[in-house]
Amino acid sequence: MKQYTGYIGTYRSVQSNHIYRFVLDAESGALTIPEPYLPVPDSKYIALRDDSVLVSTVRREQGAGLAVTNLRLPSPHVTAEALGDPGAGCHVAIAEDHVFTADFHAGTVTCYRLNGLQPIQEHTIAIAPHAGCHQVLFHNDLLLIPCMELDECRLFSAVDYQPRGVIRFPKNSGPRHGIFDRAHRYLYLVSQKDNTISCFAVQDTHFSLCGRLPLLDAPVSSCDEAAAIRFSPDERFLYVSVRGAEQIIVLEANGSQMQILQRIDCGGQHPRDIALSPDGHWLLSANRCSDDITCFPRDAVTGLLGPLCSRVPIHEGVSIVFDTTEKGR
């Protein structure tokens, strides 16, 4: 039986103050009930490097910042922490020996260097209070930071952290999360406020808009908000979650050409994050407000999602990562 181990970060609450671990049966799509794995409160966003180094946001009584652990330790424990952030971040991204946390409310991005597993705070990029910094993306020697409340994606040098440009979006669109294809020829970025997806052709450090597409035919609720975006393993399909509408949108992506193929109910409320299994056969949705994870089968040829096949409870679930090492056979 093939299995994949997944980890999910959570908002801090009486019922959720850990990073949790679960197992996905790669043949049936069945999920185990997530169990507490690491005592990391406010682990809203987590990221994994090389299937061994797990980083997450953290907020404790003495401060907020970054928690780091090695998943290959005989017994799980937080290896090191740095608590120099103004508040708990909403996103964390890892690239080789550097980690970045984005703080939505403070409008800052904190840059850490990993000395072994010890995070050393190097620099804070201060954009503007309440700028809505919601992600950090890497492109060549650039950092891209979508700023939801500024309707901009700010560009900074990954070497000296100086400003390197701006990608502007329509007023009140609210750029939130983006993803590059592996060749970095295209950048796809979803906007939370107007529920659109934008495609930019990328040439060196230039980003040219070549398409923008509404994710919804019409508003479903007064609080429709696009959130996460993920690629299929073959990069033919994109998957976007929309909260309020409680939908997962399936798009065919052929360079600048985007086409919506399917809109499917996420099976819960407030799909904060979505993740594809390492083999691409399953899509999971972390539904924060219904306190569950749902799982859907995925057709690798058509990209379409099948009916809900599994659901397990988890309080305040936010972000999902997979250990891509297969277990079993």
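Read the figures in this text as sums done on the coordinates, not as results from a lab. Given the structure is predicted, the values throughout are model-derived calculations rather than measurements. Backbone-built Cβ (ideal geometry, glycine too); neighbour counts: all protein chains shown.
Assorted remarks:
- Hits in the range 199-216 - residues which are more than 19 Å from the chain's Cα centre (by Cα) and either within 14 Å of residue 241 (Cα to Cα) or exposed (fewer than 13 other Cβ atoms within 10 Å of the Cβ) (or both): 203, 204, 205, 206, 208, 214, 216
- When residue 121 is tested against the conditions (1) under 24 Å from residue 61 (Cβ atoms); (2) buried (at least 22 other Cβ atoms within 10 Å of the Cβ), the lone failure is (2).
- Within the range 1-22, if we keep just the residues that are surrounded by fewer than 19 Cβ atoms within 10 Å (Cβ to Cβ) and hydrophobic (A, V, I, L, M, F, W, C), the residue that is nearest to residue 67 (Cα to Cα) turns out to be 14.
- First in the range 153-170 and surrounded by 15 or more Cβ atoms within 10 Å (Cβ to Cβ), second anywhere and of a type in the set (Phe, Trp, Tyr), Cβ under 6 Å, 6 or more apart: 164/156; 167/207
- Selected residue (only one of 232, 319, 310 is surrounded by 15 or more Cβ atoms within 10 Å (Cβ to Cβ), touching a Leu at 6+ places or on another chain (Cβ under 7 Å), among the polar types (S, T, N, Q) and under 25 Å from residue 180 (Cα atoms)): 232
- All of 36, 41 fail the test of being buried (at least 20 other Cβ atoms within 10 Å of the Cβ), closer than 28 Å to residue 311 by Cβ and not polar (S, T, N, Q), apart from 41.
- Within the range 87-113, the residues that satisfy the criterion of being under 14 Å from residue 126 (Cα atoms) and assigned to a strand (DSSP E or B) are 100, 101, 102, 103, 108, 109, 110, 111.
- Of all residues in the range 235-253 being among the aliphatic types (A, V, I, L, M) and over 15 Å from residue 268 (Cβ atoms), the one that is surrounded by the fewest Cβ atoms within 10 Å (Cβ to Cβ): 251
- Within the range 171-198, considering residues that are charged (D, E, K, R) and within 18 Å of residue 234 (Cβ to Cβ), the one surrounded by the fewest Cβ atoms within 10 Å (Cβ to Cβ): 182
- For the range 76-88, the criterion of being farther than 16 Å from residue 286 by Cβ and free of Cβ contacts under 8 Å to residues at least 12 places away in the same chain is met by no residue.
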